[in-house]
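Asker: Structure below; questions to follow.
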Amino acid sequence: MKIVFLVLLGAVSASTLVFGQSISCAHDSGSLVIDGADYYFTDSLGERRTPNFKMEACNNYMEIDADMCYLEPHKDFAVQIEGKWGCMDMFGTETLPIIYDQIVKDEWSDRVFVKKNKQWFEIKYKPSKGDVKYKEIKLDCDYVSNTDLGCIVIIKGDKAYFSKKMGDASESYDDEYYGNYHAIKNGCKYGIMTISGRVISPAIYDYVNVMESTIAVYQGDKCGLFNTATGLVSQIKYDEIGWLERNGLVAYMLDGKEGLLSMDGKEITQAIYQKIYVDEETLMKVQRNGKWGFINRQGKEVVEATYEAVTGFMNGLGGAKLNGKWGFINDKNEVVIDFQFDTVNMGYYFRKSNKARARLGDECFYINRKGERLEDIPCK
C-alpha cells in the first residue's frame with residue numbers, strides 16, 4: 001500500500017480515507033474527498049473548492065492518511081488535471097500552471113522539476129494567492145528523480161548527479177548515507193543507482209524494492225532478484241524476495257511457499273517450505289508441513305523436517321524438540337543429547353564456549369556438548 005503525502009506537516013487523526021469518503025483537514029475546516037480515482041477539496045459546508053484532480057500517475061492503488069491532511073494556507077502540492085501536471089493549493093488556486101507532461105516535487109525541499117516537450121526544467125517560483133510568477137530553468141539531463149537520500153538526482157546517461165539546491169549538481173554524495181543502492185524513478189518506471197552516482201539499471205521496472213542486502217525488481221505483481229554485480233535479473237515470477245542475503249543465498253516466496261535462491265538467480269530449492277531461515281551457519285532451519293528440519297547450502301534436506309521445533313545450527317549441533325522435549329542432534333540427524341529438557345537456548349555462550357542454557361522443571365543450568373550439567377543459573 002502506498003501512502004500519498006499531501007504535505008509534510010501536522011496530524012489530525014489515525015483514520016484513513018477510502019473510496020467515497022472524506023477526511024477533515026485541520027486548516028480552515030476543509031475536507032479532502034476521494035471520487036473514484038480522483039480527489040477534490042471542499043469547504044466546511046461541503047461546497048467544492050477545487051476541480052477533480054489526481055496526485056499520482058501510473059494507476060497505483062493508494063491510501064491517504066488523515067495524519068497527512070494538515071494544510072497551511074497556500075501550501076501547494078502536485079496535481080494532474082486532464083493529463084497535465086502543475087501545482088495547486090486546497091483552495092483550488094493554481095500555484096504553478098497545470099501545463100506540464102511530468103512533474104517531480106521534492107518532498108525534502110519543495111523544489112519542483114517539470115518536463116515539457118521532452119525537455120526538463122527546474123521551476124523557480126513561490127506559491128502565492130496572486131498572479132503566478134515562475135521561471136523555467138533549463139536542465140541538460142534525461143530525467144529527474146526523487147530519492148531517499150534527502151536530495152534530488154539528475155540523471156544523464158549512466159550517471160546520477162546529486163542536487164540539494166538550485167543550480168547545484170555534484171558527482172558525489174557528500175552527506176551521511178545508508179546503503180550502497182537506491183531506487184530512481186522516471187515517470188511510472190523505476191531503476192537503480194549506486195551511492196557513487198552510477199546508474200546500474202535504467203528505469204524499466206514497475207517498482208524496485210531496495211532492501212538490506214537484496215534488491216527485488218517488479219513487473220506487475222511479480223518480482224525477480226537483481227544481481228548488483230552483473231546487472232542481471234532472475235526470472236520475474238516470484239511473489240516476494242527475501243530482504244536478507246547470507247553467503248550468496250536468499251529466500252523467495254512463490255504461491256505461498258518459500259524456496260532458496262542464489263544471488264545469480266539459480267533456484268537452490270523449489271518452493272516447498274513454509275519458512276526458511278537464511279543464516280551464516282552450515283545448516284539452515286526450515287519448516288515443511290508444520291514440522292522443522294535443516295537444509296544445507298546446496299538445498300539438500302540433511303535433517304528431515306520431522307521435529308516440532310528447532311534452534312539454529314551452531315558449532316555442529318542443533319537443538320530439536322520431539323514429543324514436547326528438547327535435545328540436540330548433529331548434521332547427520334543423530335541424537336547427541338537425549339530429548340529431556342523443557343527448553344534450551346544455544347545463543348552466544350554456545351558459539352563462544354559450547355555451553356547451552358537448559359531448563360528442567362523449575363531448575364535452569366548450563367550444559368556442555370555431551371549434555372552434562374554445569375553450573376546452575378537463574379531461570380528467566
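Asker: Report, by residue number, each residue of the range 151-177 that is surrounded by fewer than 16 Cβ atoms within 10 Å (Cβ to Cβ) and farther than 22 Å from TYR205 by Cβ.
Answerer: Answer for the range 151-177, where residues must be surrounded by fewer than 16 Cβ atoms within 10 Å (Cβ to Cβ) and farther than 22 Å from TYR205 by Cβ: LYS165, MET166, GLY167, ASP168, SER170, GLU171, SER172, ASP174, ASP175, GLU176, TYR177.
Asker: Let me spell it out: the conditions are (1) β-branched (Val, Ile, Thr); (2) in contact with a Lys or Arg (Cβ under 7 Å, 6 or more places away or on another chain); (3) within 27 Å of GLY231 (Cβ to Cβ), and VAL310 meets all of them except one. Which number is the exception?
Answerer: (3)
Asker: Consider only pairs whose beta carbons are under 7 Å apart and that are at least six residues apart or on different chains; among these, list those whose first residue lies in the range 354-380 and is of a type in the set (S, T, N, Q) and whose second residue is assigned to a strand (DSSP E or B).
Answerer: Note: pairs meeting the criteria are ASN368/LEU374.
Asker: Continuing with the same structure: For the range 303-339: of the residues being of a type in the set (S, T, N, Q) and touching a residue at least 24 places away in the same chain (Cβ under 8 Å), which is surrounded by the most Cβ atoms within 10 Å (Cβ to Cβ)? Show your work before the answer.
Answerer: Residues of the range 303-339 of a type in the set (S, T, N, Q): 306, 311, 315, 323, 330, 333.
Subsequent filtering for residues that are touching a residue at least 24 places away in the same chain (Cβ under 8 Å) retains 311, 315, 333.
Numbers: THR311: 20, ASN315: 15, ASN333: 16.
Out of the qualifying residues, it is THR311.
Asker: Just to verify a result, which residue in the range 158-189, among those that are among the small types (Gly, Ala, Ser) and under 16 Å from the mean Cα position of the chain (by Cα), is modelled with the lowest pLDDT?
Answerer: Among residues in the range 158-189 that are among the small types (Gly, Ala, Ser) and under 16 Å from the mean Cα position of the chain (by Cα), the one modelled with the lowest pLDDT is GLY179.
Asker: Take the conditions farther than 27 Å from TRP326 by Cβ, exposed (fewer than 15 other Cβ atoms within 10 Å of the Cβ) and not assigned by TED's automatic domain parsing to the domain that holds LYS159 and apply them to LYS300. Does it pass?
Answerer: Here the answer is no, as LYS300 does not meet what is asked.
Asker: A further question follows. Among the residues in the range 112-128, are any within 27 Å of TYR218 (Cα to Cα), crowded, with 18+ Cβ neighbours inside 10 Å, in contact with a His (Cβ under 8 Å, 6 or more places away or on another chain) and at pLDDT below 90?
Answerer: No, there is no match, as no residue in the range 112-128 is within 27 Å of TYR218 (Cα to Cα), crowded, with 18+ Cβ neighbours inside 10 Å, in contact with a His (Cβ under 8 Å, 6 or more places away or on another chain) and at pLDDT below 90.
Asker: Now for a different question. Restricting to the range 207-239, name every residue that is among the acidic types (Asp, Glu) and modelled with pLDDT of 95 or more.
Answerer: ASP239
Asker: On to the next question. Find the strands (runs of 3 or more DSSP E) located wholly in the range 20-101 whose residues include 2 or more that are at pLDDT below 70 and within 20 Å of VAL112 (Cβ to Cβ), and list them.
Answerer: none
Asker: For the range 192-202, give me each residue that is surrounded by fewer than 22 Cβ atoms within 10 Å (Cβ to Cβ) and either of a type outside the set (S, T, N, Q) or not in a strand (DSSP E or B) (or both).
Answerer: ILE195, SER196, GLY197, ARG198, VAL199, ILE200, PRO202
Conditions tested, residue by residue: (1) basic (Lys, Arg); (2) closer than 19 Å to GLY231 by Cα; (3) in contact with a Leu (Cβ under 7 Å, 6 or more places away or on another chain).
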position: GLY248; (1), (2), (3): no, yes, no
position: MET253; (1), (2), (3): no, no, no
position: LYS257; (1), (2), (3): yes, no, no
position: LEU260; (1), (2), (3): no, no, yes
position: ASP264; (1), (2), (3): no, yes, no
position: THR269; (1), (2), (3): no, no, yes
position: ILE276; (1), (2), (3): no, no, yes
position: GLU281; (1), (2), (3): no, no, no
position: ASN289; (1), (2), (3): no, no, no
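Asker: Looking at (1) more than 19 Å from LYS105 (Cβ to Cβ); (2) surrounded by fewer than 18 Cβ atoms within 10 Å (Cβ to Cβ), can you tell me which one TYR205 breaks?
Answerer: (2)
Asker: When the range 217-226 is examined, which residues are found to be crowded, with 17+ Cβ neighbours inside 10 Å and farther than 18 Å from THR147 by Cβ? Walk me through how you get there before you give the answer.
Answerer: If we filter the range 217-226 for residues that are crowded, with 17+ Cβ neighbours inside 10 Å, which is where we start, we get 217-218, 223-226.
Scanning the range 217-226 gives TYR218, CYS223, GLY224, LEU225.
Asker: State yes or no: is LYS222 closer than 23 Å to ILE103 by Cα and out of contact with any Gly (no Cβ under 6 Å at 6 or more places or on another chain)? Show your work before the answer.
Answerer: Values: closer than 23 Å to ILE103 by Cα: no; out of contact with any Gly (no Cβ under 6 Å at 6 or more places or on another chain): yes.
So LYS222 does not fit the description; no.
The values are calculated or read from the model by the stated rules, or taken from the named source; none is laboratory data. The structure displayed is predicted, hence computed values, not measured ones. Quick reminder, even Gly has a Cβ in these numbers, built from the backbone with ideal geometry, and neighbours come from all protein chains shown.
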